[in-house]
Every structure is written in structure tokens, then in C-alpha cells.
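Comments concern the structure below.
The values are calculated or read from the model by the stated rules, or taken from the named source; none is laboratory data. Quick caveat, the model's predicted, so the values are computed rather than measured. Positions of Cβ are generated from backbone atoms using ideal geometry, with glycine treated the same way; all protein chains shown enter the neighbour counts.
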Amino acid sequence: MSKPLDLNDLRYFAAIIDAGSLSRASRALGVTKSLLSQHLSRLEETLGVSLIQRTTRRMDVTALGLEFHARCLSVLAEVERAQSVVEEARSVPRGTLKISCPVLFAQAVLMPVVNSFLRAYPEVDVVLDADYREVDLLGEGYDLALKIQRQLDDSRFIVRSFRLDQHWLVASPDIARWLGPIRRPADLNGCASAFLRNEGETLAGTVWQVLDSSQGVHSIAHHPRLSSSDPLVLLPAVLDGIGVALLPGSLCQREVEAGRLERLLPQFHGGTMYLHAVFPSRRGLSRAARCFLDHLGQHLPPQLRETIEHSGI
């Protein structure tokens, strides 16, 4: 069995090659030439080969020494990275964390998570921008952007995703009684609605697409009496009997349980939405941002389940 290599021998050998001589390496490192010679001799003895041909006037690196030096640099860099990981894990997160997220998610879900994070990490400050605009993650200096979409395809960024709830068809009890028995999606065709639309979406030919348990797609043509891109705007209108709505289940669940709303066609839903945590690169992610992502995964409400983590770079 070969003798194990001493990491310090590798470091000093690499420093000698990089400096070009024992004297220059000695001055750069602040150690004696004799100490460097001892480490070099021990390394050569361990390997059983000559890495550097030394005379009183010059130093020539052997071909094997050059190849070994290149591999040494890779090993030392990997050791440094491993050490950084451990040191980072031991370090206390600090600094300012800038996050972008949709208004509704901030109000309905995120704030308790942020508050508990701030209590857990007193040296981290959070700047939370809650709006519906598309932010320039790099240009505006965001550490994280939280996006709610069915899928997110952007190869420029790292994405960690959490499954949110599904969208439900709901109506007030009075509207549900007025509609009569609803057994299939087509029974809702032509109904008055409170329509949750995407930014910039028109109302012409408005149709909901709902899925059954086999992921079959069914269409419902409806007439928006009120439309908004904010579910919190629509919820009071639905409670007041304006019409049927297709809204996030987490927003409606409490009202359904209290009997203030009825879920129509519970075997159908409007698809699953995902919370995507987007950040520029794994290597550039700060300790505070890493801790926030872990905290987010641990403290989201139970109905939210982490599903995927993938890298586009």
C-alpha cells in the first residue's frame, strides 16, 4: 500500500513551481528555504520519483513534475472548495436579502415564513418587493425571485420549485342553488363569472380549461361580470354572489369549510400551480439566501410540497 500524501507537501510543491524557485517561494510564503526543501524531498520520497532537478544555480521541473503540478492544483482547489462549504455552514448568515414575489402570495402565505426567518436569523435583513411585475433578477440586484406559474422554462437561472394548491370552481350558496344540479363542466357554460385573468389577457371568448382525475381537459365558456388579475379582489365578489370563479384552493378553503362558498364539480380543478424560487446561480447564492430557501421549504403550509430542484446552467 502506498504512503498517503501530506497536503502541506502538495501546497509547498505547488508554491515552489508557481514561484519559479525555492528562494522566491520562501519569500512569498514567509518560510525558510530549508523547510521548503524538506517538504519537497518528503513528497518525492513518498512518490518515489524526482519532480524537480535542483542544482546550486537553477531548478528544472521534470515532465512528470509538470503533470503532477497541474493535478496538484486541481486537488488543492477542490480541498479549498470543500473547506469553504464547511466554513460557510458554520458561519452565521448575515447581510441583506432582496426578494421579489407576487402580492397575493406575500399576503396569504409568505409573511409568516419571512417573520419566522427573521426571528431565526437576527443578523439578516429582508427587502421584500411584493408586486406582479417581471423583475430583472440580475440587473435589479435580487437574490431571489418567487414566481407562481404552472411551469418555468428559463435556462439562465437555477430553479427550486414547490407545488402549490389547485384552482377550484367556487360560487356562493345562493348562486349554487340558482344554477341547479351541476354534474359536468358543460353545465356551467354561459354562467356569470368573476374571472381571474393573467396580466394583459383579453376577455374575448373567455373559456376556462379544467382537468378531471385522468388529466382530461374540459372547456367552460363563461361571461365575466368582473375580472381582475388579483384573486383577493375577486373573492369578496364571489362571496357576494356575482358569479362563479376559478380561484386558488388555499384562498377558498376556509370559506368553503365555513359554508360561505360551495365548491362546484370537486372532481375537476383548474390545474396545479407551482411556486418557483429563482436565483442567478448556485455558486453565487449567499449564505443568507441558502438559509432562506431551506427555511421556506420547512415552514410553508403543510399542503405545499417541494417537488423539484433543477439547474439550467
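Would you confirm whether or not segment 116-132 contains a residue that is at pLDDT below 90, more than 30 Å from GLN253 (Cβ to Cβ) and part of a loop (DSSP other than H, G, I, E, B)? No: zero hits. All conditions but one from (1) free of Cβ contacts under 8 Å to residues at least 12 places away in the same chain; (2) more than 28 Å from TYR12 (Cα to Cα) apply to LEU128; the one that does not is (1). Counting only strands (runs of 3 or more DSSP E) wholly contained in segment 16-103, the ones carrying 1 or more residues that are small (Gly, Ala, Ser) and closer than 30 Å to GLU123 by Cα occupy 95-101.
Just one of the listed residues (LEU73, LEU40, LEU47, LEU51) is surrounded by 11 or more Cβ atoms within 10 Å (Cβ to Cβ), closer than 18 Å to ARG11 by Cβ, touching a residue at least 12 places away in the same chain (Cβ under 8 Å) and in contact with a Gly (Cβ under 7 Å, 6 or more places away or on another chain), and it is LEU51. For segment 152-169, indicate whether the set of residues that are at pLDDT 80 or above and among the β-branched types (Val, Ile, Thr) is non-empty. Within segment 152-169 (the criterion being at pLDDT 80 or above and among the β-branched types (Val, Ile, Thr)), the answer is no, since none of the residues qualifies.
Mind counting the residues in segment 201-215 that are modelled with pLDDT of 90 or more and either within 14 Å of CYS191 (Cα to Cα) or exposed (fewer than 14 other Cβ atoms within 10 Å of the Cβ) (or both)?
Total satisfying the criteria: 3.
When VAL103, VAL79, VAL86, VAL109 are screened for being at pLDDT below 90, outside the structural domain of ARG290 (by TED's automatic domain parsing), of a type outside the set (Phe, Trp, Tyr) and over 21 Å from LEU43 (Cβ atoms), only VAL86 passes.
Conditions first: (1) surrounded by 13 or more Cβ atoms within 10 Å (Cβ to Cβ); (2) closer than 21 Å to GLY20 by Cβ. THR56 passes all but one, so which condition is the exception? If we test THR56 against (1) surrounded by 13 or more Cβ atoms within 10 Å (Cβ to Cβ); (2) closer than 21 Å to GLY20 by Cβ, just (1) comes out false. Which residues, taken from segment 100-151, are surrounded by 14 or more Cβ atoms within 10 Å (Cβ to Cβ) and among the charged types (D, E, K, R)? Answer for segment 100-151, where residues must be surrounded by 14 or more Cβ atoms within 10 Å (Cβ to Cβ) and among the charged types (D, E, K, R): ASP129, ASP143, LYS147.
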